[in-house]
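What follows is a short report on a single structure.
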Amino acid sequence: MGLELLVASAIGILTAAGMYLVLRLRTFPVIMGMSLLTYAVNVFLFASGRLTVGAPPILTEATRYTDPLPQALVLTAIVISFGMTAVVVMIGLGAYLGGDDDRVNDPAAETSGEETS
């Protein structure tokens with residue numbers, strides 16, 4: 001019970017912190033929030049395969065084993081999230097260099113009172 005509670009709490013904290021950072025108005029916190037959400041999903045996928053300590057991740061005649069499929073999914077998700085983070089960093093860097101500001105929203109629309117749809 002202790003290990004499951006620890007992992008569930010870690011997933012919840014990572015998700016909450018990630019959502020808080022994603023809702024910020026600057027580019028860097030949004031990127032960090034997406035990374036934390038990615039970590040939360042990876043830990044959730046990894047935990048779905050069974051939380052056993054010292055068990056082999058292969059299907060043999062052993063009575064206690066860890067499911068290897070979630071481990072393969074997490075490995076693939078790590079590679080995809082690294083590529084996604086690199087793309088988002090480049091988009092944010094391009095927006096910062098092009099507009100001299102790293103805000104996510106449109107400051108011109110806020111000052112003029114226009115609503116964007």
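The values are calculated or read from the model by the stated rules, or taken from the named source; none is laboratory data. Values in this document were obtained by computation on a predicted structure and should not be read as measured data. In this analysis, Cβ positions are derived from the backbone assuming ideal geometry, glycine residues included, and neighbour counts consider all displayed protein chains.
There is no residue in segment 7-15 that is modelled with pLDDT under 90, over 10 Å from the mean Cα position of the chain (by Cα), surrounded by 16 or more Cβ atoms within 10 Å (Cβ to Cβ) and in a helix (DSSP H, G or I). The set of residues in segment 18-39 being closer than 24 Å to LEU75 by Cβ and in contact (Cβ under 8 Å) with a residue 60 or more places away in the chain consists of ILE31 alone. Would you be able to say whether some residue in segment 39-55 is aromatic (Phe, Trp, Tyr), surrounded by fewer than 16 Cβ atoms within 10 Å (Cβ to Cβ) and closer than 30 Å to TYR96 by Cα? Looking through segment 39-55, none of the residues is aromatic (Phe, Trp, Tyr), surrounded by fewer than 16 Cβ atoms within 10 Å (Cβ to Cβ) and closer than 30 Å to TYR96 by Cα. The condition (being among the β-branched types (Val, Ile, Thr) and part of a helix (DSSP H, G or I)) is satisfied by just one residue among VAL53, VAL41: VAL41.
Of all residues in segment 85-105, count the ones that are surrounded by fewer than 14 Cβ atoms within 10 Å (Cβ to Cβ) and either of a type in the set (A, V, I, L, M, F, W, C) or part of a helix (DSSP H, G or I) (or both). So the answer is 10. The residues of segment 41-88 that are of a type in the set (Phe, Trp, Tyr) and within 13 Å of VAL7 (Cβ to Cβ), listed by number, are PHE44, PHE46.
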